[in-house]
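Right, one structure below, let's go through it.
Every number here is computed from the coordinates shown, using simple stated rules; none is lab data. What you see is a predicted model; the values in this text were computed from it and never measured. Heads up, the Cβs are rebuilt from the backbone with ideal geometry, glycines too, and the neighbour counts pull from every protein chain shown.
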Amino acid sequence: MDEVFAAFEQAVREARLVALATVLAGPQVGARLLLWPDGAKLGTLGDPNLDIAVAVHAAYLLPTLHSERVTFATAQGPVDVFITIEMPPPRLVIIGAVHIAAALVTFGKTLGYNTVVIDPRSAFATPARFGHADRLIAGWPDAVLPALGIDEATCIVILSHDEKIDDPALRYACRSPARYIGALGSRRTHAARVERLLGAGLTDEEVARIHAPIGLNIGARRPEEIALAIMAEIVATRNLK
Amino acid sequence: MALATLVKIYGSAPQPVGARMAVSSAGEMAGSVSGGCVEGAVVQEALAVLAGAPPHLVTYGIADELAQSVGLACGGVIDVFVEAI
């Protein structure tokens with residue numbers, strides 16, 4: 001394995017965001033250039049000017065998280081390059097170690113999410129029920145969430161149905177960069193929750209980020225079906241649908 | 001080990017651009033670049049690369065002369081880049 005691909009593999013293992021450019025055809029076929037978001041690079045595509053053009057395009061692609069095949073004009077003619085954007089695995093943070101949460105962890109794992117379940121009630125947050133989660137934390141959301149480093153690749157699902165647990169989690173989530181925030185509860189429950197959150201000082205825009213009632217409308221009844229509806233809504237959000 | 005990467009989709013395809021599949025010299029595979037339609041053919045390309053052939057692009061789809069054996073049920077066309085790592 002060459003030095004550039006070895007560095008790429010290490011970045012993937014460390015769950016870092018990186019771009020790997022590979023020449024697809026021509027004399028330099030297979031040449032690789034690894035690019036980090038801070039502008040650092042390793043390797044070459046065989047032409048310093050092409051390396052610069054590819055670095056500029058990768059800087060544009062990195063925030064979009066989408067890989068792309070691009071043809072670059074060079075002094076030697078057009079060169080076909082594939083730029084892979086490798087992103088950290090998305091994360092699913094679930095507040096409330098309830099029955100829906102157990103099924104949601106299963107769907108999340110299947111779709112490649114790193115799953116974290118948080119509940120201060122140690123009777124709920126037991127390894128016997130959540131052995132399949134990547135992390136199980138018996139603690140209060142407002143104490144736990146800041147240490148998790150909530151980012152744009154994180155989805156937060158609020159399921160405890162207990163406002164002492166849900167409200168602090170929502171107050172934190174609505175001011176975080178999380179990609180998706182959903183909260184379990186009927187329209188009536190949510191309307192009362194919105195009043196409490198506004199009363200606590202959140203803005204209309206912050207509160208409007210909450211998906212509630214949670215999940216796509218597939219007529220879900222059983223906990224597993226509700227988990228499926230929630231996961232489908234998360235996928236739709238991620239795919240900008 | 002060889003790596004096959006889905007680099008371009010024309011029409012519809014069951015995996016997004018960037019999907020990858022690894023192939024060992026024993027022909028074992030992990031991952032997928034289609035819905036199972038072309039993986040068998042990709043393994044052959046990967047084994048050729050592992051035997052010393054240069055990295056190369058392969059196009060699969062309804063216009064391909066191998067359409068009968070490795071065409072895509074979705075009617076799309078895909079480009080797959082195969083390289084040794």
Report task. For A:K164, list the aspartates and glutamates whose Cα falls under 12 Å from its own Cα; do not include residues on the same chain fewer than 8 positions away. Result -> A:D119, A:D142
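Would you kindly calculate the mean projected area, averaged across all directions, of the convex hull enclosing the Cα atoms of region A:1-64, in square nanometres? Intermediate results must be reported in sequence, preceding the final value.
Numbers: hull surface 17.8 nm².
Averaging across all directions leaves 4.4 nm² for the Cα convex hull.
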Query raised in the report: Pairing the Cα long axis of helix A:163-173 with the longest principal axis of chain A, what angle in degrees results, from 0 to 90 and rounded to the nearest 10?
Result: 20
Requested in this report: Can you check what the net charge comes to around A:A7, using other residues whose Cβ is under 13 Å from the Cβ of A:A7 (Lys, Arg +1; Asp, Glu -1)?
Outcome: -1
Report task. Only helical DSSP H runs with n ≥ 4 go in: add -39500 (n - 2.57) per run for chain A, normalise by residue count and round the 222 nm mean residue ellipticity to 500 deg cm²/dmol. Result -> -11500 deg cm²/dmol
Query raised in the report: If the cut-off is 27 Å between C-alpha atoms, which lysines fall inside it for A:K41, apart from same-chain ones fewer than 8 positions away?
Result: B:K8
Report task. Quick one: divide the alpha-carbon radius of gyration of the protein assembly as shown by 2.2 N^0.38 Å and tell me what you get. Result -> 1.16
Requested in this report: With unit charges on the beta carbon (Lys/Arg positive, Asp/Glu negative), name the residue among B:S32, A:L35, A:P48 whose Cα is farthest towards the positive pole of the charge dipole of the protein assembly as shown.
Outcome: B:S32
Query raised in the report: Using Cα atoms only, what is the angle between the long axis of helix A:223-238 and the major principal axis of chain A, expressed in degrees (0 to 90) to the nearest 10?
Result: 40
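Enter the mean number of other protein chain beta carbons within 10 Å of the beta carbon of each residue in A:26-39, as an integer.
Working: counts 0, 0, 0, 6, 8, 1, 2, 0, 0, 0, 0, 0, 0, 0.
If you average over the peptide's residues, the count of other-chain Cβ atoms is 1.
Mind running the shape call on region A:82-241? Use the C-alpha gyration tensor, a ≥ b ≥ c as the square roots of the eigenvalues: rounded below 1.5 for a/c, prolate if a/b tops b/c, oblate otherwise. It would help to have the intermediate numbers written out before the result.
Details: a/c = 1.27, a/b = 1.13, b/c = 1.12.
Because its axes are fairly even, with a/c under 1.5, region A:82-241 counts as rounded.
Sort the following peptides by mean Cβ neighbour count (other Cβ atoms within 10 Å, averaged over residues), highest first: A:155-162, A:7-14, A:45-52. Can you show the working numbers first?
Details: A:155-162: 23.9, A:7-14: 14.5, A:45-52: 16.1.
Those peptides, ordered most packed to least, come out A:155-162, A:45-52, A:7-14.
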Query raised in the report: Rounded to two decimals, what ratio of Rg to Rh does region A:200-241 give with C-alpha atoms and a Kirkwood Rh?
Result: 1.09
Query raised in the report: For region A:176-190, in order, what is each residue's ³J(HN,Hα) by Karplus, 6.51 cos²θ - 1.76 cosθ + 1.60 with θ = phi - 60°, in whole Hz (x at glycine and Pro)?
Result: 9, x, 3, 6, 9, 10, x, 9, 5, x, 5, 4, 5, 4, 5
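What value does region A:1-153 have for Rg/Rh, both radii from Cα atoms and Rh as Kirkwood defines it? List each step's numbers first, then the result.
On the way: Rg = 20.7 Å, Rh = 17.9 Å.
That ratio is 1.16, to two decimals.
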**Report entry** Using alpha-carbon coordinates, inclination of helix A:48-61 to the longest axis of chain A, degrees
**Finding:** 10
Report task. Can you tell me the order of A:65-77, B:27-39, A:82-94 when each peptide is scored by its average per-residue count of other Cβ atoms within 10 angstrom, highest first? Result -> A:82-94, B:27-39, A:65-77
Query raised in the report: What nm distance separates the two modelled labels at A:L17 and B:A22, each placed 7 Å from Cα along Cα→Cβ?
Result: 2.5
Query raised in the report: If you take the Cα atoms of region A:166-205, find Rg, then find the Kirkwood Rh from the mean of 1/r over all pairs, what is Rg/Rh?
Result: 0.93
Query raised in the report: Using the beta-carbon distance between B:Q44 and A:T237 and R0 = 35 Å, what value does 1/(1 + (r/R0)^6) give for FRET efficiency, to the nearest 0.05?
Result: 0.35
Report summary line: Scalar couplings 3J(HN,Hα) for region A:85-91 by Karplus 6.51 cos²θ - 1.76 cosθ + 1.60 (θ = phi - 60°), nearest whole Hz, x for Gly and Pro, are 9, 9, 10, x, x, x, 10
